[in-house]
Amino acid sequence: MTPWIKYLIYIAVFIILFSLLNFWLNTHPPKFKSRETPGEYGLDYEKVRFKTKDGLTLAGWLIPGKKNSPTIIVGHGYPFDKGNILPVVTFLHPQYTLFLLDFRSFGESEGSVTTAGAREIEDVNAAIRYLQSRKDVNHTFGAYGFSLSAATFLMAAYPFKAVVADSPYASLHDIIGQLYGYLGPLKYPFVWMTEFYGTFYGIDARKYAARIRVPTLLIHGSADNQIPAWNSQKVYDVSDKKLAELWIIEGADHGMSYATNPKEYKARVRGFFDEHI
């Protein structure tokens, strides 16, 4: 065997093993459980459990708002849980009922694998089925998501009246490309192998792309170094401008849009839901 063939084999083995390791680590993150609960903010709440069609039990908090108030389903980012985003979303209460859920494999929910939104679409579906089964909950729904959940809410085709998506990624293919972005043009073999591994979980990375179907406010920090702002720009550019609104917050890093200007942030988000729900 000639030396150059050996080198090619070594390179191929490295690509296979390195991409497999990254795939495993990113789909099997450690559990992060916040200590904060709505009670610490003086809010009455109910701990709930509900089932997905594939047999997982998910956890959520139901925070009742005013009588017959519309319901906002709230999702967290990767690799955190519902308690992590609690401080950011309480400003919507009591005007809205809030339902915070832990996606599969996160927080108090069952599961050991996260799929960056592919299977999490069923988690959203299960949450809506659960809420629709309750007569004490208004079945007018909005969605408010961050990062992972923002993209999932955009990918889901459910009866939301409006969606606020803070720092979403444009597609699974794009976020895999971002994962290996530091490799420049050398990233493509790693992207291809990672997408191939995803097929073992029934995931077609190019199939799961964010798309706007209802009035949607896209929020993104211009300095986001995890999911660059071009992701929201890309979603906005291909969307019906009658439905889509894009707000780029200058200087904000990933997950820091609220902290950069809390007063304006709360006013924009609350105003958007007030207008469309």
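The values are calculated or read from the model by the stated rules, or taken from the named source; none is laboratory data. Source: prediction; values computed, not measured. Glycine also receives a Cβ, built like all others from the backbone with ideal geometry; neighbour counts cover every protein chain displayed.
Values for this structure:
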item: Flag for S34 being over 30 Å from K187 (Cβ atoms), outside any helix (DSSP H, G or I), over 21 Å from the mean Cα position of the chain (by Cα) and of a type in the set (S, T, Y); result: no
item: Odd one out for E108 among (1) surrounded by 23 or more Cβ atoms within 10 Å (Cβ to Cβ); (2) part of a loop (DSSP other than H, G, I, E, B); result: (1)
item: Which listed residue, of I73, I128, is within 21 Å of H139 (Cα to Cα), surrounded by fewer than 23 Cβ atoms within 10 Å (Cβ to Cβ) and touching a residue at least 12 places away in the same chain (Cβ under 8 Å); result: I128
item: Count of the range 209-223 residues which are more than 22 Å from A118 (Cβ to Cβ) and either touching a residue at least 60 places away in the same chain (Cβ under 8 Å) or charged (D, E, K, R) (or both); result: 1
item: Test for S239: is it in the same structural domain as L131 (by TED's automatic domain parsing), in a helix (DSSP H, G or I) and surrounded by 14 or more Cβ atoms within 10 Å (Cβ to Cβ); result: no
item: Close pairs from the range 16-35: first assigned by TED's automatic domain parsing to the domain that holds G117, partner basic (K, R), Cβ under 9 Å, at least 6 apart; result: none
